Amino acid sequence: MRDLKAMQPMEAPSKWMRLRVIFMGLVFFVLLLGAFARAWNLQVHQKDRLKGFAEDQYVRAIEIPARRGDIVDRRGVKLASSVDVDSVWVDPSMLPDTRDAAKKLAKVLGLDWKDVYERLEKGRRFAWVKRQVTDADAAKVKALNLPGIGFAKEPRRFYPQRELAAHVVGLVGTDSHGLDGLEKSFEDELSGENVKRAGFRDAKGRKLLTNGLEAPEATQGANLTLTIDSTMQFVTERALEKAVLDARATAGMAVVLEPRTGEILALANWPRFNPNATKGAGADDFRDRAVTDSFEPGSTFKAFVIAQALDDKTITENTEFDCENGSFRVGRNVVHDTHPHKILTPRGILQVSSNICTAKVAQKMGRDRLVESYKNFGFGDRYGLGLPGEGRGLVPYPKAEIALATQSFGQGVSATALQVAAAYGALANGGTLMKPYLVSKVVDADGLTLLENKPTPIRRVVSEKSAKATIAMLESVVEQGGTATRARMDEYRVAGKTGTAQKVDPVARGYSDKRIASFIGVVPAEDPRAVIYIVIDEPRTDVYGGLVAAPAFKEIALQAMPHLGAPKSREMPVVAARPEKKPAKPEKSVVVAAVEKMDQLDLVTDDAPAEGSVRVPNLSGLSGRVAVTQLLTAALEPHLAGSGRVISQKPAAGTLVEKGTRITVELAGHLPTSPR
């Protein structure tokens, strides 16, 4: 039987093979095209999003504040600088037990564990534990060996002089932003450009933040140079503190100003605070009273009335006024003097501080002229010193007769301590009011000067003749019969004025029984180098400026004049002391006697110091205050370390140095015992 299948013709196998190959090729091509499209979508279209997801797994970025610029005094002494310290952070997702970790971290860092736990719960991948910790605290955290813990270097603000000029410099917060003082006013200049510090981690969270910061030059803030003199500031703060404590007062303020330039050499307040450790300080401790607080200054205003009246030729130096024997009726009110007086000239009015006669001078001037005069002297306007909250003061128009009278002796008007000091600076500067300034210059990290202040005259207030005549009259205030004999100096002529003003009671809307006592002095009177204003708020021992404020002025001036190189107004006669007869002692060897003699002397030699040079005095065993006084008297700059009595000094006693050289003095509570 025939095989029908065998009889059928066979098709060529190559045809089906080609179809299968083409089909499979199309399938693979479509798959490859899909894969390519997917790859393009992932690598190009979704690149940024996926990169972010990836980096979120192994990269962390923390914004690190830039290193702030330094704040230095006129001699380059650092008042504020920045140092790098550790800040502790954690990745909460890496912690096996968040609650337990919070308790351990809180214990070693001195924190509330509940606060730490709350931060860890809120932070998904990152949370600060504590910023700017000490090296000891950082070591304790590392010893815990907790997973996910990291450390970041941050610049921390440090104030090497502690309380010195703290109200001027101000302080910063944990985020390195200025909170007060110049730190706040010059925030933009002091703070550089913040940088982000990034790093990588492994599966266990290790080696995070391994990348370094950017170059410091790229982020460093600008440096501020002040007109403040650290030595003068130290002397002023110490004298003010003593005056406040001796008077058992509430507070105090002081301003030391160079009248010829308007530079502020010292600006002090009490109470003080340490910006390195503000815990426990009250809100009032941070107040820069000398700049922000407006108060009724009292009799210090009388000098402006006399100066303006002389300049207007309303009165002369010999014009006589009847002081009504201590009681003078003005409308329905009566003005009193502390002591009764009869006939006084302008010099006598200032010397005894007569309210009645000053009111009569103001009556001759008239309301408009009195207000205009006060405003010309700078009252009622801000100087733009560069500190937050600078006060303006108030000079209202005296509509009533009694208002005219009281404003003439500094009641019913208000001013800041800075304004009063600047106004007296105008009298000391021959009648020209200079703009007071605190910041000398601002220089960025590249050396480019961003700001530079120079002496700037504002206006001529009175003529040079009237200003000098008023200063000469004010000299009588510190002489016998004046109200501030405690401000008199033997070697320098002083022109000054006391002030005792009643404080306003804001609740009762009248005057209270509290007082503000003050004294302002110009020294030397014949060639003024400094205006020193002392204000004691609510003294409890005495209420008169000549008793509670004048001694502080004298203490500052005694040390300021040699430091500023002011020539003496008069030389005091040297009285040779008669040698005391001592009982005869057994004769000593020449060597022993010579050694003992050298112990008693300050290594005096026969060679006289060259001009501009001075020998370092022997300070061994002296208290810090006495040591500072001796160094300033010798025209040397003291730099104290520690507290107590002097145990060492550098350069050594007897060394010949140039005037103005810094002498480092080490103090300790107890003198070291001599080796046996």
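Before moving on, here are some points about what is shown:
- Check on Val657, on the phi < 0 side of the Ramachandran plot, modelled with pLDDT of 75 or more, out of contact with any Cys (no Cβ under 8 Å at 6 or more places or on another chain) and not in a loop (DSSP other than H, G, I, E, B): yes
To keep it simple, each residue is scored yes or no on (1) without any contact (Cβ under 8 Å) to a residue 12 or more places away in the chain; (2) of a type in the set (Lys, Arg).
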position	(1), (2)
Ala400	no, no
Gly412	no, no
Gly425	no, no
Gly431	no, no
Pro436	no, no
Val439	no, no
Ala445	no, no
Leu448	yes, no
Lys454	yes, yes
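Quick grid of which residues meet (1) closer than 17 Å to Cys323 by Cβ; (2) surrounded by 18 or more Cβ atoms within 10 Å (Cβ to Cβ); (3) hydrophobic (A, V, I, L, M, F, W, C):
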position	(1), (2), (3)
Thr358	yes, yes, no
Gln363	yes, no, no
Arg367	no, no, no
Asn376	no, yes, no
Arg382	no, no, no
Leu394	no, no, yes
Lys399	no, no, no
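- Condition broken by Ser623, with the remaining ones in (1) under 21 Å from Ala239 (Cα atoms); (2) surrounded by 15 or more Cβ atoms within 10 Å (Cβ to Cβ); (3) at pLDDT 75 or above; (4) in contact with a strand residue (DSSP E or B) (Cβ under 8 Å, 6 or more places away or on another chain) satisfied: (2)
- When residues of the range 166-200 are limited to those that are in contact with a strand residue (DSSP E or B) (Cβ under 7 Å, 6 or more places away or on another chain), over 26 Å from Leu448 (Cβ atoms) and assigned to a loop (DSSP other than H, G, I, E, B), the one modelled with the highest pLDDT: Gly173
- Note on the range 130-140: residues that are surrounded by 14 or more Cβ atoms within 10 Å (Cβ to Cβ) and either of a type in the set (D, E, K, R) or in a helix (DSSP H, G or I) (or both) total 5.
- Filter result (buried (at least 17 other Cβ atoms within 10 Å of the Cβ) and among the charged types (D, E, K, R)) within the range 141-162: Glu154, Arg156, Arg157
- Any hit, the range 355-377, residues being more than 19 Å from Ile471 (Cβ to Cβ), of a type in the set (Phe, Trp, Tyr), touching a residue at least 24 places away in the same chain (Cβ under 8 Å) and not in a helix (DSSP H, G or I): no
- Residues satisfying the stated conditions in the range 262-287, i.e. at pLDDT 95 or above, under 15 Å from the mean Cα position of the chain (by Cα) and more than 22 Å from Leu640 (Cβ to Cβ): Glu263, Ile264
- Residue in the range 433-456 that is in the same structural domain as Asp312 (by TED's automatic domain parsing), within 18 Å of Asp527 (Cα to Cα) and surrounded by 14 or more Cβ atoms within 10 Å (Cβ to Cβ) present: yes
- Only one entry in Val614, Val592, Val665, Val604 is more than 21 Å from Glu237 (Cα to Cα) and either at pLDDT 75 or above or in contact with a Cys (Cβ under 7 Å, 6 or more places away or on another chain) (or both), namely Val614.
- Some residue of the range 246-261 being assigned to a loop (DSSP other than H, G, I, E, B), modelled with pLDDT of 95 or more and among the small types (Gly, Ala, Ser): yes
The values are calculated or read from the model by the stated rules, or taken from the named source; none is laboratory data. Worth saying up front: this structure is predicted, and the values here are computed from it rather than measured. For neighbour counting, all protein chains shown are included, and Cβ atoms are generated from backbone atoms with ideal geometry for every residue, glycine included.
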